[in-house]
Amino acid sequence: MRGMAIRPILIAPDPRLREKSLPVEAVDDDLRALMDDMLETMYAAPGIGLAAIQVGVPKRVIVMDLAGKDEAPNPLYFVNPVILDPADETVPYEEGCLSVPEFYEDVERPVSCRVQYLDYHGKEQVLEAEGLLATCIQHEMDHLEGILFIDHLSRLKRERILKKLKKEQKLAAAQGDGCGDPACNHLGH
Ligand code: GNR
Ligand code: NI
C-alpha cells in the first residue's frame, strides 16, 4: 500500500520532455497509482492537465480536470488516447504549460475533435471535445510526441522563452534552492 504523492514537474528545456511516450500495455494498479500521483501533482501545481512525461514517465497517459473553482472535481484519465476527426476550423487560445512556467502565448488548434482512449478502469471510451477540452486534450497529446506549445510559435519567440527558462534554472541552482535531489529542477515543487 502507498498513498498518493506529488512528483516534481520537469521544466523545459529538459530533454526528457522531447521523448516520445510509449503505449501502455495494461491498465493495472501500478498504472492507477501513477494516474493518482499525476492528478495530485496537477491539482497542487495547479493546472488543468498533465501528461506522464511531465513527471518523467514516458507512457501515453494524460490526466485532466476542467472543473471551475466552485464546481465539484471532475478528474479525467486518458490512457493510449487517439484523436479522431479534428475539425478543419481552428481557433486561437492563450496556452500555458506547467513545463514552461509563466509564459502564455496564443496557439491555433482545431476547434473540436473526438478522442478515443482507455479510462481509469481500462474501459474503451470516446469523448466529443470542443472549447477548452479540445484545446487541452490536443496540448496534452502533443506532450506524448515530445512537442511543447512553444513549438507552435515562431523560432524567435520560442528561443527567447527557452533562454529565459535556462537562465531562471541556472540562477535557482546557484542559489541552492530546491530539495537536494540531483534531479530536482528547483521550480516544479
Ligand atoms: O494548466 C494548464 N493550462 C492550460 C491552459 C491553456 C492551454 C493548455 C493548458 S494545459 C496546462 C497544464 C499543462 O502543462 N499540461 O500539459
Ligand atoms: Ni503542458
Here the gain from full extension of Ala26 to Asp70, 0.36 nm per residue of separation minus their alpha-carbon distance, amounts to 12.4 nm
Karplus ³J(HN,Hα) for the range 104-112 (6.51 cos²θ - 1.76 cosθ + 1.60, θ = phi - 60°; Hz, whole; x = Gly/Pro) runs 9, 9, 5, 10, 8, 9, x, 6, 8
FRET efficiency (Arg155, Ala44; Cβ distance; R0 35 Å; to 0.05) is 0.60
Most exposed to least, judged by fewest other Cβ atoms within 10 Å, Arg155, Arg60 sort to Arg155, Arg60
Cα-based Rg/(2.2 N^0.38 Å) for the range 89-146, rounded to two decimals, is 1.23
Taking every alpha carbon pair in the range 1-82 and sorting the distances into 10 angstrom bins from 0 up to the bin holding the longest one, the percent per bin comes out as 18, 50, 28, 3
The long-range amide H neighbours of Cys97, using H built 1.01 Å from N in the peptide plane and a cut-off of under 5 Å, are Glu102, Phe103
Extension length gain for Leu84 and Lys167 (0.36 nm per residue less Cα distance), in nm, is 26.0 nm
Sorted on mean Cβ neighbours within 10 Å (highest first), peptides 110-120, 166-176 come out as 110-120, 166-176
Cα-based Rg then Dmax for the chain, in Å, read 16.5, 49
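Classify the range 61-116 from the C-alpha gyration tensor, please: rounded if a/c falls under 1.5, else prolate or oblate depending on whether a/b exceeds b/c. Display every interim value, and only then the final one.
Numbers: a/c = 1.57, a/b = 1.06, b/c = 1.48.
In terms of gyration-tensor shape, oblate.
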Partner lysines whose C-alpha sits under 18 Å from that of Lys123, ignoring same-chain residues fewer than 8 away, are Lys59
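No lab work stands behind these numbers, since they all come straight from the coordinates. Fair warning: this is a prediction, and the values are worked out from it, not measured in the lab. A quick note on method: Cβ atoms are made from the backbone with ideal geometry, for glycine too, and the neighbour counts reach across all protein chains shown.
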